[in-house]
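First up is the structure itself, then whatever we jot down about it.
The values are calculated or read from the model by the stated rules, or taken from the named source; none is laboratory data. Everything numeric here is computed off the predicted structure, so don't read it as measured data. When we count neighbours, we look across all protein chains shown, and the Cβ atoms used for this are built from the backbone with ideal geometry, even at glycine.
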Amino acid sequence: MVDPFQPDTDKLAAVRAALPALGAGIYLNTGSVGPLPAETAAAMAEITDYELRIGRAHPDYMSGFLERLDEARGAVAAVLGADIAQVAITHSTSTAMNSAIGAVALRPGERIVTTRSEHPAAVGPVLAAAERDGATAIFVDLDDATTDEEILRRFDEAIVPGTRLVAFSHVLWTTGRVLPVAAIGRLAHERGAVVVVDGAQAAGAIRIAVHELEADFYAAPGQKWLLGPEATAALWVSPAVVATARPTLVGWFNYEKIGPDGGRYWPDARRFDGTQFHKASISGFARSCGWLSMYVGLTWIHERGAAMAARAADRLAGITGVEVLTPRDRMATLVTFRIGGWTPDEALAELSARTFAIARTIPPVEAIRFSIGFFTTEDEIERVASAVELLAAHTPVSLPPRPRLTVLGQGSG
Ligand SMILES: Cc1ncc(COP(=O)(O)O)c(C=O)c1O
């Protein structure tokens, strides 16, 4: 008989078994690319096989694809707490950020406010828009802002009249800090600016009720915390702006009606859809999101992810010689830290060799970043933290400086 109150360990084991890549090492890099559920790979293989055997020209193929596209839209909507009509499917967070930022017509001299801690996915489109339209990009420095109040004060100072656009991350990819999105958004809206949020390190990792965030656009990648295939992503578009938002990257997916006499965009977020798709990837994206919300459960994901990330942050912070850059009271599922005496590259190479840890360095803050998943175990955290402890206790052996060669008769140069 099935016990409805199965211990958590059974569920964790089942979830981990469904993510085969977890067997290849201690998987601590979902912030770059998450482990693919076996179900997702199977769904993608099914489409690839159909393409091979039946071909890609059968009418069922296209209608089936459009169903999968809407399935992906609906599954992302569930993760964001949104309505299906508010979600566009795109190819990457970067594409979604470009679409959102490009949708705002800027006049010369107007301001775009962003932060110095953004990923190139936001910095790139901000700079491109500023260059194209003669606008000014303002980069708020968050480096030594330790409280939400201080962060808000800096945005308050930056969002002056003439600011048309404010673009920033929900969770910083560098330190893993959660920004006070709704409060920044409110400030921007009060001053007439459009709000674009990069949700790459939040969507799938933490609870999101996108309507509460005071955002106009919210970008979310498929390949990270939603565990989907690469080159899949979504853009949530607020009902408040969708009717007037003008997409810049358009094709036959974006119009309800189009011809030489003119076109009519879809009235909903579909006007921001990608212009063509890899069918297997869209099926995989839909399956990954569906697997997360229906098989694993979003509440379980968010609660367990938060608990494991907090555990990792506390364990690392307790090690002498380790500096955790992620603020404990404003963290999501990223933990960024430095080990005294070690460069991030050296330390990561040691950690990988000793524990099979799969993680990454974050050059802008000269640190290592662990992405802690809802699937990470206490044992994995302990194994990797023990290795960090070992490194922290032993600075790497560095070679003594080479003696200078002095060649007699030639001077010192
Ligand atoms: C905050 C943030 N935004 C955007 C990206 C890029 O996402 P994509 O590769 O989907 O464009 C990343 C990571 O790669 C990120 O951490």
Ala41, sole failed condition from (1) over 22 Å from Gly222 (Cβ atoms); (2) surrounded by 14 or more Cβ atoms within 10 Å (Cβ to Cβ); (3) not acidic (Asp, Glu): (1)
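Against the definition (in contact (Cβ under 8 Å) with a residue 40 or more places away in the chain and within 16 Å of the ligand (Cβ to nearest atom)), how does Val15 come out, yes or no? Write out each step before concluding.
Values: in contact (Cβ under 8 Å) with a residue 40 or more places away in the chain: yes; within 16 Å of the ligand (Cβ to nearest atom): no.
So Val15 fails the test.
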Residue that is of a type outside the set (Asp, Glu), more than 16 Å from the ligand (Cβ to nearest atom) and either assigned to a helix (DSSP H, G or I) or under 22 Å from Ala219 (Cα atoms) (or both), where the choices are Ala145, Ala200, Ala167, Ala188: Ala188
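Yes/no per residue for (1) more than 12 Å from the chain's Cα centre (by Cα); (2) outside the structural domain of Ala122 (by TED's automatic domain parsing); (3) of a type in the set (D, E, K, R); (4) closer than 17 Å to Val87 by Cβ:
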site	(1), (2), (3), (4)
Arg191	yes, no, yes, no
Val194	yes, no, no, no
Gly199	no, no, no, yes
Ala219	no, no, no, yes
Leu227	no, no, no, no
Ala233	no, no, no, yes
Trp236	yes, no, no, yes
Residues being closer than 13 Å to Ala128 by Cα and either buried (at least 24 other Cβ atoms within 10 Å of the Cβ) or away from the ligand (no atom under 16 Å from the Cβ) (or both) - total across the stretch 90-104: 6
Yes/no for Val87 being farther than 22 Å from Gly251 by Cβ, among the β-branched types (Val, Ile, Thr) and surrounded by 21 or more Cβ atoms within 10 Å (Cβ to Cβ): no
Residue within the stretch 291-304 that is closer than 30 Å to Leu249 by Cβ, in contact with a Pro (Cβ under 6 Å, 6 or more places away or on another chain) and of a type outside the set (Lys, Arg) present: yes
Some residue of the stretch 119-134 being aliphatic (A, V, I, L, M), closer than 20 Å to Gly199 by Cβ and without any contact (Cβ under 8 Å) to a residue 12 or more places away in the chain: yes
Given (1) within 16 Å of the ligand (Cβ to nearest atom); (2) outside any helix (DSSP H, G or I), index of the condition Val76 fails: (2)
Residue in the stretch 110-123 that is more than 12 Å from the ligand (Cβ to nearest atom), basic (Lys, Arg), assigned by TED's automatic domain parsing to the domain that holds Tyr218 and closer than 30 Å to Ala306 by Cα present: yes
Qualifying positions in the stretch 203-213 - in a loop (DSSP other than H, G, I, E, B) and buried (at least 23 other Cβ atoms within 10 Å of the Cβ): Gly204, Ala205, Ile208
Test: Ala130 is in contact with a helix residue (DSSP H, G or I) (Cβ under 8 Å, 6 or more places away or on another chain), surrounded by 15 or more Cβ atoms within 10 Å (Cβ to Cβ) and of a type in the set (A, V, I, L, M, F, W, C): no
Test set (1) of a type outside the set (A, V, I, L, M); (2) touching a Phe, Trp or Tyr at 6+ places or on another chain (Cβ under 9 Å); (3) away from the ligand (no atom under 16 Å from the Cβ); (4) farther than 20 Å from Val166 by Cα - Thr232 fails condition number: (3)
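Only one of these is away from the ligand (no atom under 11 Å from the Cβ), in contact (Cβ under 8 Å) with a residue 24 or more places away in the chain, assigned by TED's automatic domain parsing to the domain that holds Val104 and not hydrophobic (A, V, I, L, M, F, W, C): Gly162, Gly176. Name it. Steps first, answer last, please.
Details: Gly176 fails: away from the ligand (no atom under 11 Å from the Cβ).
Just a single option satisfies the conditions, and that option is Gly162.
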Subset of the stretch 23-34 that is more than 16 Å from the ligand (Cβ to nearest atom) and in contact with a Phe, Trp or Tyr (Cβ under 7 Å, 6 or more places away or on another chain) - its residue that is farthest from Gly199 (Cα to Cα): Gly25
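Could you go through the stretch 23-30 and let me know if any residue there is free of Cβ contacts under 8 Å to residues at least 40 places away in the same chain and either of a type outside the set (Val, Ile, Thr) or part of a helix (DSSP H, G or I) (or both).
Step one: list which residues in the stretch 23-30 are free of Cβ contacts under 8 Å to residues at least 40 places away in the same chain, which gives 23.
Then drop every residue that is not either of a type outside the set (Val, Ile, Thr) or part of a helix (DSSP H, G or I) (or both), which leaves 23.
Yes, the stretch 23-30 contains a residue that is free of Cβ contacts under 8 Å to residues at least 40 places away in the same chain and either of a type outside the set (Val, Ile, Thr) or part of a helix (DSSP H, G or I) (or both).
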Some residue of the stretch 279-288 being more than 20 Å from the chain's Cα centre (by Cα) and surrounded by fewer than 18 Cβ atoms within 10 Å (Cβ to Cβ): no
Near pairs, Cβ below 6 angstrom, 6+ apart or cross-chain, from the stretch 315-341 (free of Cβ contacts under 8 Å to residues at least 60 places away in the same chain) to any residue that is in a helix (DSSP H, G or I) and not basic (Lys, Arg): Val324/Ala313; Val324/Leu316; Val324/Ala317; Arg328/Ala313; Phe337/Leu316; Ile339/Ala347; Ile339/Leu391; Ile339/Ala392
Filter result for Trp266 (more than 16 Å from the ligand (Cβ to nearest atom), among the aromatic types (Phe, Trp, Tyr) and either touching an Asp or Glu at 6+ places or on another chain (Cβ under 9 Å) or not assigned by TED's automatic domain parsing to the domain that holds Ala21 (or both)): yes
